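The values are calculated or read from the model by the stated rules, or taken from the named source; none is laboratory data. These figures come from a predicted structure and were not determined experimentally. Counting neighbours? That spans all protein chains shown, and the Cβs are built from the backbone with ideal geometry, glycine included. These accessible areas exclude ligands, DNA and RNA; they are computed on the full protein's heavy atoms, side chains included. Shrake-Rupley method; radii C 1.70, N 1.55, O 1.52, S 1.80 Å.
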Amino acid sequence: MHAPHFEDESVLADIGRWALARLAARDATLPAAAAPAGLPAVTEAGIGVAATWHWMRDALLPTAIPADHPRYLAFVGGAPTVAGVLADMAISASGVYAGSELEGGHVVAAEVAAVRWLADLVGYGPLAGGTFVSGGSLANLSALVAARHDRVSRGRRAGSVIVAAASAHSSVRSAAAIMGCEVVAAGHPDRPLTGAELVTSLDRVAAADVVAVVVSAGATNTGAVDRIDELAHECAKRGLWLHVDAAYGGAAMLSARVRDRFRGIEFADSVTIDPHKWLFTPFDCAAILYRDSAVAKAAHRQRAAYLDPVNDGAENPADYAVHLTRRARGIPFWASLVANGVESYRDAIEECLGTAAYAAKQVEAADHLELVGEPELSVVLLRCSGWTASDYRDWSKAALAAGVGLVTPTEVGGQAALRLCFVNPQTSTADIDLVLASLGEWSRN
Ligand SMILES: Cc1ncc(COP(=O)(O)O)c(C=O)c1O
């Protein structure tokens with residue numbers, strides 16, 4: 001089973017054709033197919049590579065809702081580029097262990113270059129570094145572990161409180177729970193956190209207990225960007241670690257139109273940006289960046305006699321997060337940047353921002369719809385006149401079943417609303433019109 005057989009060539013050709021056809025028609029897959037009654041059993045003899053692929057192609061993959069469908073507007077989708085997908089497929093076959101320079105060779109150099117590109121986007125100086133992990137959740141955890149280690153290494157108490165913007169992603173609470181920390185919320189969940197609001201929360205806790213401050217640059221629910229310059233100023237005054245979660249929103253720093261909203265991000269001690277969200281990279285790929293990578297290395301490098309050969313003065317991606325063995329998940333991102341160029345990325349981000357602006361305008365213009373705040377980035381929130389929470393849920397299910405799209409409800413200001421998140425440049429104004437028309441029809445019936 002480790003040496004390719006003749007039949008594998010035709011399977012490979014079929015996978016290649018299938019992959020390109022899928023990428024050429026990403027809008028052809030809603031609603032997802034119903035799951036078949038069963039799966040092939042795991043048997044002593046096995047059913048062979050071709051039959052297994054046919055199961056995947058015909059019975060598994062069609063039952064999933066592809067996150068790159070142009071009308072996948074729920075949560076935070078992801079629309080990988082063709083170059084990114086092809087590189088990802090190649091990485092699987094490469095046998096590359098990308099935890100260390102010793103083993104990863106120039107693959108590590110390319111991942112470091114991709115980290116550097118993101119660090120430049122943030123505005124970090126030459127000491128910056130980081131790595132790619134599986135998701136924003138692990139990136140946030142890695143940052144907070146580094147923050148605590150930094151305190152202890154400076155002779156301070158480890159601390160037990162994380163002060164987080166009320167809008168912070170749920171993964172921040174998970175990270176705090178893993179670390180045995182309490183979360184103190186700052187500000188309002190639906191509005192950008194200000195310096196004054198942070199001070200109010202910081203005044204409620206003993207400074208010596210604060211592990212770090214976490215703020216959002218693109219809150220998941222609303223897209224709001226906290227006032228990072230004010231927050232960085234308050235953190236610097238108190239010697240507190242500032243982590244900016246820009247997992248979703250960080251990509252928007254490429255847009256000259258909205259770049260200014262991120263002012264001050266370069267002063268953060270750490271930043272999360274997920275290429276698998278709005279930087280067109282296949283799942284899974286999230287970056288954790290540190291202003292001073294040496295601090296993170298001191299926190300995360302694993303030590304064991306058998307690891308001495310890889311730890312010898314090297315630049316190892318394993319050293320910057322809660323992981324050791326790792327896939328070269330930064331390579332699809334790097335390959336796509338190199339292949340397509342930054343201008344294409346800038347254009348694609350602008351396209352998404354433009355689509356969000358169009359959606360907001362259409363909502364404002366419709367009598368039966370209410371726009372919930374102007375979109376700060378590419379999240380658009382809306383309400384339908386007279387709808388209850390269950391109307392939103394029922395419409396959402398019906399819209400998916402009818403192939404209209406994946407649009408899910410949320411809560412803003414304690415009330416139900418619909419949330420549209422635009423991270424796919426292939427989402428067109430016609431897609432928006434289709435979704436809004438479906439809301440209109442549902443309202444009339
Ligand atoms: C702002 C933010 N942070 C963190 C996360 C968690 O990222 P992941 O799902 O990649 O773990 C998300 C996910 O949507 C997010 O929007």
Filtering segment 38-61 down to residues that are open to solvent by less than 60 Å² (accessible area, probe 1.4 Å), touching a residue at least 40 places away in the same chain (Cβ under 8 Å) and in a helix (DSSP H, G or I) yields A50, W53
Restricting segment 158-184 to residues that are open to solvent by less than 50 Å² (accessible area, probe 1.4 Å) and part of a strand (DSSP E or B), the one nearest to A217 (Cα to Cα) turns out to be A165
Looking for something away from the ligand (no atom under 15 Å from the Cβ) and within 23 Å of C421 (Cα to Cα) - is there at least one such residue anywhere in segment 160-177? no
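Considering only segment 348-374, state which residues are in contact (Cβ under 8 Å) with a residue 40 or more places away in the chain and either farther than 28 Å from D190 by Cβ or open to solvent by less than 50 Å² (accessible area, probe 1.4 Å) (or both).
To start, the set of residues in segment 348-374 that are in contact (Cβ under 8 Å) with a residue 40 or more places away in the chain comprises 348-353, 355-356, 358-359, 362-363, 366, 368-369, 372-373.
Result: A348, I349, C352, L353, T355, A356, A359, V363, A366, L369, V372, G373.
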Looking at D284, D312, can you tell me which residue is open to solvent by 10 Å² or more (accessible area, probe 1.4 Å), in a loop (DSSP other than H, G, I, E, B), under 30 Å from E351 (Cα atoms) and not small (G, A, S)? D284
How about segment 375-445: which strands (runs of 3 or more DSSP E) wholly inside it have at least 1 residues that are small (G, A, S) and open to solvent by 10 Å² or more (accessible area, probe 1.4 Å)? 415-421
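When you scan segment 139-155, do you find a residue that is in a loop (DSSP other than H, G, I, E, B) and open to solvent by 10 Å² or more (accessible area, probe 1.4 Å), even just one? Write out each step before concluding.
To start, the set of residues in segment 139-155 that are in a loop (DSSP other than H, G, I, E, B) comprises 154-155.
If we keep only those that are open to solvent by 10 Å² or more (accessible area, probe 1.4 Å) as well, we get 154-155.
Yes; the residues of segment 139-155 include at least one that is in a loop (DSSP other than H, G, I, E, B) and open to solvent by 10 Å² or more (accessible area, probe 1.4 Å).
In this structure, is A21 open to solvent by 80 Å² or more (accessible area, probe 1.4 Å) and closer than 20 Å to H69 by Cβ? First the steps, then the outcome.
Working: open to solvent by 80 Å² or more (accessible area, probe 1.4 Å): no; closer than 20 Å to H69 by Cβ: yes.
Against the criterion (open to solvent by 80 Å² or more (accessible area, probe 1.4 Å) and closer than 20 Å to H69 by Cβ), A21 does not qualify.
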Can you find even one residue in segment 333-349 that is among the acidic types (D, E), over 20 Å from F75 (Cα atoms) and not in a helix (DSSP H, G or I)? no
Looking only at segment 189-219, count how many residues are under 10 Å from A165 (Cα atoms) and either within 14 Å of the ligand (Cβ to nearest atom) or out of contact with any strand residue (DSSP E or B) (no Cβ under 7 Å at 6 or more places or on another chain) (or both). 9
Among the numbered conditions (1) closer than 28 Å to S396 by Cβ; (2) surrounded by 14 or more Cβ atoms within 10 Å (Cβ to Cβ); (3) not polar (S, T, N, Q), tell me where V82 comes up short. (1)
